[in-house]
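Below is one structure, written out as structure tokens; comments come after it.
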Amino acid sequence: MQGREQWATRVGFMLAAVGSAVGLGNIWRFPYIAGEYGGATFLIVYLVCILIIGLPTMIAEFSIGKRGQLDAVGSFSKTAPAKPWVIGGWLGVITSFLIVSFYAVITGWVLYYMFSYLTGSIQQVETGGVEDYFGGVVGDAIIPVIWQLIVMAIIVGILYFGVQKGIELSSKIFMPLLAVILLVLAGYGLTLDGAGEGMSFLFVPDWSALGDPSLYLAAIGQAFFTLSLGMGIMVTYGGYLSKQTGNRLPGTATSIVLLDTLFAILVAVVIFTAVFTIGADADQGPTLIFVVLPEVFNQMAAGGTFFAVFFFFLVFIAGLTSAISLAEVSISFAIRQVKLTRKKAVLIVGGLITLLGIPSALSQGGPLSDFTIAGLPFLDFVDVLTDSYFLPIGGLIVVLFVGWGWKSKAALEEADFKSQAFAKIWLFLIRFVAPLMIIIILLANLFGIEA
Ligand code: LEU
């Protein structure tokens, strides 16, 4: 049998994981959720959640993969043979597969927007008209599918080259590129008239917002989504670690979490300095980047188009590298379970993801918008199902397994903590704090408390 693929370098592994973490969640979701929950206040609660739940869970996921040296399902079953924990692996494969099907659709909208700025068509929309424009794009019978197909073709193309030449190499190129674009945009944002107001919205807390329980649910949910946890990704990526690339996992995970957070904050700086410059509302929800921002770009006398093209390019690359990681969970699974070659697995899995994505692409005002499940259009249904239920359940299985199901000696050996004190804190967090918080979210979601 051919040897299993592995990361070439520790930095390459870290960048690939950052590529997974930094995505639509940072650019599209974080700013609008922060906007809805009072900016700085949300940021503080979110940082606490990342530290006490997100980081420990990420170390746990890497450790499972590193021990198993296989895909998500294989790593669970090898680490805990003949035990029900393997459900965590299956759920990861299902969840990531479902998420990537609509994630690629949204990444397609982003790419379409970028091209529309390049061709000058969005710039012609009159003030106040972007909402209709957006509705026209996502509600079209053809546009969303075509752009979904383009995005899927790019994902398949990169994954075709495998772990080192596909995922690792593209992350080494894309991640520094994203950092440069983001720094330029943030620098530009700070020169705008709304900079002061935007910054104080983002960094001066309004403590009264802390009384709202849904703030905490939103913060924990965002922590999971943005760090790509509970969906088999970090287990799969951990499966490509060797002794060398996989030492000192806590350090690597901390860098990933810090970079992801820094990225989210800088994007929020870009967005809110721009939003306050035209006096738009910060709490506009999911349409923030597709409707409010383009209104802002169109109203900027100079530089609007420049800003817009780079902004959507940034969103596109961030979305792409996350979608790659989502798809890799199923591909890695198919290679082992069905014994396919990578090339075949990539083509077959890529084709299946695309098919499942089509109903999502047509559900936002398009021909399938009347087809609803549980009262929701297809895309929204898949999103809520994964986000509110599958992700927390997947995360719960991970922390319960590593905290309770696995001998702590083995878990600590894989995680490779340098400090005893941190190792103890980690065990405490994944045994008690993280499971408790996750169970609370699950119950809240089940009983319909709105996050
Ligand atoms: N972590 C990614 C993001 O923030 C999402 C995940 C589903 C791959 O967009």
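The values are calculated or read from the model by the stated rules, or taken from the named source; none is laboratory data. This structure is a prediction, so every number in the text was calculated from the model and none was measured. In this analysis, Cβ positions are derived from the backbone assuming ideal geometry, glycine residues included, and neighbour counts consider all displayed protein chains.
Hey, Ile167 hits all of (1) assigned to a helix (DSSP H, G or I); (2) away from the ligand (no atom under 14 Å from the Cβ) but one; which does it fall short on?
(2) is the only condition that Ile167 fails.
Please determine whether any residue of the range 9-16 is closer than 21 Å to Val399 by Cβ and more than 12 Å from the ligand (Cβ to nearest atom).
No, there is no match, as no residue in the range 9-16 is closer than 21 Å to Val399 by Cβ and more than 12 Å from the ligand (Cβ to nearest atom).
When you check Val151 against the structure, is it farther than 26 Å from Ile53 by Cβ and either away from the ligand (no atom under 16 Å from the Cβ) or surrounded by fewer than 16 Cβ atoms within 10 Å (Cβ to Cβ) (or both), yes or no? Before you say what the answer is, go through the steps one by one.
Values: farther than 26 Å from Ile53 by Cβ: yes; either away from the ligand (no atom under 16 Å from the Cβ) or surrounded by fewer than 16 Cβ atoms within 10 Å (Cβ to Cβ) (or both): no.
No; evaluated as a whole, the condition is false for this residue.
Sort out for me the helices (runs of 4 or more DSSP H) sitting completely within the range 42-130 that have 1 or more residues that are within 16 Å of the ligand (Cβ to nearest atom) and more than 27 Å from Val349 (Cα to Cα).
Values: elements: 55-68, 72-79, 87-119.
Filter on the range 42-130 gives 55-68.
Scan the range 226-240 and report the pairs whose first residue is farther than 15 Å from Trp90 by Cβ and assigned to a loop (DSSP other than H, G, I, E, B) and whose second residue is modelled with pLDDT under 95 and within 10 Å of the ligand (Cβ to nearest atom), with Cβ atoms within less than 6 Å and a gap of 6+ or a chain change.
Close Cβ pairs (under 6 Å, with a partner that is modelled with pLDDT under 95 and within 10 Å of the ligand (Cβ to nearest atom)) do not exist here.
Can you tell me which residue in the range 305-342 is nearest to the ligand (Cβ to nearest atom), limited to those that are closer than 27 Å to Val93 by Cβ and among the hydroxyl-bearing types (Ser, Thr, Tyr)? It would help to see each step written out before you state the result.
Restricting attention to the range 305-342, the residues satisfying the condition of being closer than 27 Å to Val93 by Cβ are 315-342.
Filter once more, so that each one left must be among the hydroxyl-bearing types (Ser, Thr, Tyr): 321-322, 325, 330, 332, 341.
Details: Thr321: 9, Ser322: 4, Ser325: 6, Ser330: 13, Ser332: 15, Thr341: 25 Å.
That would be Ser322.
Return a yes/no flag: does the range 325-344 have any residue that is assigned to a helix (DSSP H, G or I), free of Cβ contacts under 8 Å to residues at least 40 places away in the same chain and farther than 14 Å from Ile106 by Cβ. Before the answer, list the steps.
If we filter the range 325-344 for residues that are assigned to a helix (DSSP H, G or I), which is where we start, we get 325-337, 342-344.
Pick out the ones that are also free of Cβ contacts under 8 Å to residues at least 40 places away in the same chain and you get 334, 344.
From what's left, farther than 14 Å from Ile106 by Cβ: 334, 344.
Within the range 325-344 (the criterion being assigned to a helix (DSSP H, G or I), free of Cβ contacts under 8 Å to residues at least 40 places away in the same chain and farther than 14 Å from Ile106 by Cβ), the answer is yes, since at least one residue qualifies.
Would you mind telling me which numbered condition in (1) of a type in the set (A, V, I, L, M, F, W, C); (2) away from the ligand (no atom under 16 Å from the Cβ); (3) part of a loop (DSSP other than H, G, I, E, B); (4) touching a residue at least 24 places away in the same chain (Cβ under 8 Å) Ala280 fails?
Unmet for Ala280, out of (1) of a type in the set (A, V, I, L, M, F, W, C); (2) away from the ligand (no atom under 16 Å from the Cβ); (3) part of a loop (DSSP other than H, G, I, E, B); (4) touching a residue at least 24 places away in the same chain (Cβ under 8 Å): (4).
Does at least one position in the range 245-256 carry a residue that is assigned to a helix (DSSP H, G or I), within 13 Å of the ligand (Cβ to nearest atom) and crowded, with 23+ Cβ neighbours inside 10 Å?
Looking through the range 245-256, at least one residue is assigned to a helix (DSSP H, G or I), within 13 Å of the ligand (Cβ to nearest atom) and crowded, with 23+ Cβ neighbours inside 10 Å.
State the number of residues belonging to the range 225-244 that are of a type in the set (Val, Ile, Thr) and more than 11 Å from the ligand (Cβ to nearest atom).
Going through the range 225-244 one residue at a time, the tally reaches 2.
So which helices (runs of 4 or more DSSP H) are wholly in the range 359-437 and hold at least 3 residues that are buried (at least 20 other Cβ atoms within 10 Å of the Cβ)?
Numbers: elements: 378-384, 391-400, 408-415, 420-428.
So the answer is 378-384, 391-400, 408-415.
For the range 285-324, which positions are within 22 Å of Leu262 (Cα to Cα) and surrounded by fewer than 17 Cβ atoms within 10 Å (Cβ to Cβ)?
Selection gives Gly285, Pro286.
Return yes or no: is Ser363 small (Gly, Ala, Ser), within 22 Å of the chain's Cα centre (by Cα), at pLDDT 95 or above and within 14 Å of the ligand (Cβ to nearest atom)?
no
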